[in-house]
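Trainee: The structure under discussion is supplied below as structure tokens; questions concerning it will follow.
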Amino acid sequence: MSEKSISRKPAKMCYEHIGGKLGQLLVENFAEKGWIAKSKPTDKHFYITDLGQEEFEKLGIDISQIKSEDL
């Protein structure tokens, strides 16, 4: 399949983060799968769950590069 025959979808970057619809879909999907979660529904930030750590590693994503933070 040639590059011109594929409908391109944007994967927007906002600073060093994926934004836009792709970022939103990833967050929603990871939360539904239990890979990320919030301590309280009103929290702004997510954390990576133990299941998420295992699943991201299966995808070849080295989450050890993410610094721990107090949320």
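The values are calculated or read from the model by the stated rules, or taken from the named source; none is laboratory data. Nothing here was measured: the structure is a model prediction, and the numbers come from that model. Cβ atoms come from the backbone with ideal geometry, glycine included; neighbour counts cover every protein chain shown. Ligands, DNA and RNA are stripped out before the accessible areas are found, and what is left, the full protein with its side chains, is counted by its heavy atoms. Shrake-Rupley method; radii C 1.70, N 1.55, O 1.52, S 1.80 Å.
Trainee: For the stretch 16-71: of the residues being of a type in the set (Asp, Glu) and either in contact (Cβ under 8 Å) with a residue 60 or more places away in the chain or touching a helix residue (DSSP H, G or I) at 6+ places or on another chain (Cβ under 8 Å) (or both), which is least open to solvent (accessible area, probe 1.4 Å)? Steps first, answer last, please.
Mentor: Let us first name the residues in the stretch 16-71 that are of a type in the set (Asp, Glu), namely 16, 28, 32, 43, 50, 54-55, 57, 62, 69-70.
Remaining after also requiring either in contact (Cβ under 8 Å) with a residue 60 or more places away in the chain or touching a helix residue (DSSP H, G or I) at 6+ places or on another chain (Cβ under 8 Å) (or both): 55, 57.
Values: 55: 40, 57: 103 Å².
Ranking the qualifying residues of the stretch 16-71, first place goes to 55.
Trainee: Any chance you could count how many residues in the stretch 1-15 are within 22 Å of residue 69 (Cβ to Cβ) and open to solvent by less than 80 Å² (accessible area, probe 1.4 Å)?
Mentor: 1
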